[in-house]
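These notes concern the structure reproduced below.
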Amino acid sequence: MMDQEKNPHAVALGKLGGQKVAEKGPEYYAEIQAKRKSRAGGRPKGPPRAICEAPLKIGDLEIPCAVLEGGVRVISERGVAKGLGVKRGGSHWVRKGAGAEMPVYLSASNLKPFIDSDLELALSEPILYRPKGGGGTAHGIPAESLPKICEVWLKARDADALHRQQNHIAEQADVLIRAFAHVGIIALVDEVTGYQDLRSRQALAEILDQFLVKERSKWAKRFPDDYYKEMFRLRGWSYYPVSVRRPPLVGKITNDSVYDRLAPGVRRELDRLNPKDARGRRGARHHQWLTPDIGHPKLQEHLTQVVTLMKASENWTEFKKLLNRALPRYPDMPLFDEPTSQETVA
């Protein structure tokens, strides 16, 4: 391997990169180092793998994008340059400096006044990753940086700071920024790569972790008396405050009006954690499986709203209409069928 004494070109480039970082000061260098460590920390050796990939289509443009392991959204660095209409040879794709050199589409000196420190830091070095289909290491940038890159070109155009041969790039930036006006770049990347489906499953798991505990807690009164009092009134049942006897239908009504509407997937997971035995009885109350920091407060908030809707209703039909409008059920459980036979309290 050639050492630095035999490679004066590498030495010169190293000095140039060091000078650029030194001009920014030690704080800027520390930010770059922290960014490198955060990207490398907790990852296996080598670049992360793309788990979803697809081209981002905007008009006649197609810009490759991907979602990496850990949920990082990236856009191909070459794809951004081509999408902006930057035409350079292969040697221009290699970043020649150290530390904070800008990619080719922001390297022109007349653009520097319009590049803020956050964008400069985000683009200080490419994000290396392994494409899903194999092949060599790809270079990307954070997906959320693309609108900011377009803004640099538009600000430079507004300030009349562009050279004549750069105007077509500003026009392409204008096309892109208009496409992002109503849809965020993150949502676009998630949609075209198919990551939104995977994200939904991961989000559901996170919700269940927040709402449900691994082991049930001791019983404590969670449902206010008014909940049952108003339910009995609307159903036309006789209500006895001192009695704990409930019609069998009460459990089904509670599932429909409370647990099916509390949070996505919660009711289904509660049925798994707290199943019925051979006699149709559960080993605990569903609320004993809710977390004290999120599940119980959310339950109390929901019950307050349900009771309020009950008190505002003249009959059960009116209540269900208000309930479905104000607190719609999550579509992961079968609909609650109203009984057709005469209900009695055993």
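By the beta-carbon count within 10 Å of each Cβ, the least crowded to most crowded order of 115, 294, fewest first, is 294, 115. In this calculation the C-beta distance from residue 72 to residue 109 is compared with R0 = 35 Å, giving a FRET efficiency of 0.70. Compactness of segment 237-340 was expressed as the Cα radius of gyration divided by 2.2 N^0.38 Å, which yields 1.11. The residues neighbouring residue 114, those whose beta-carbon lies less than 9 Å from its own, together hold a net charge of 0 under the Lys/Arg +1, Asp/Glu -1 convention. If the segment from residue 154 to residue 210 were pulled out straight at 0.36 nm per residue, it would be longer than the present Cα-Cα gap by 15.8 nm. Taking amide hydrogens as placed 1.01 Å from N in the peptide plane, the amide H of residue 56 sits under 5 Å from those of 63, 65, each at least 5 positions away in sequence or on another chain.
Going 7 Å from the Cα of residue 219 in the Cα-to-Cβ direction, what parts of segment 262-287 have a backbone nitrogen less than 15 Å from that spot? From segment 262-287, the list is 281-287. Each peptide among 127-133, 58-64 gets the average number of other Cβ atoms lying within 10 Å of its residues, and from highest to lowest they stand as 127-133, 58-64. Remark: segment 103-162 carries a charge dipole of roughly 300 debye about the Cα centre, counting +1 on each Lys and Arg Cβ and -1 on each Asp and Glu Cβ. In this Cβ point-charge picture (+1 for Lys and Arg, -1 for Asp and Glu), segment 208-326 has a dipole of about 440 debye about its Cα centre. Multiplying the residue separation of residue 304 and residue 326 by 0.36 nm and removing their Cα-Cα distance gives an extension gain of 6.7 nm. By other beta-carbon atoms within 10 Å, ranking 296, 139 with the fewest at the front produces 296, 139.
Where a number appears in this text, it was derived from the coordinates with a stated rule and is not lab data. None of these values were measured; they are calculated from a predicted model. Note that each Cβ is placed from the backbone with ideal geometry, even for glycine, and that neighbours are counted across all protein chains shown.
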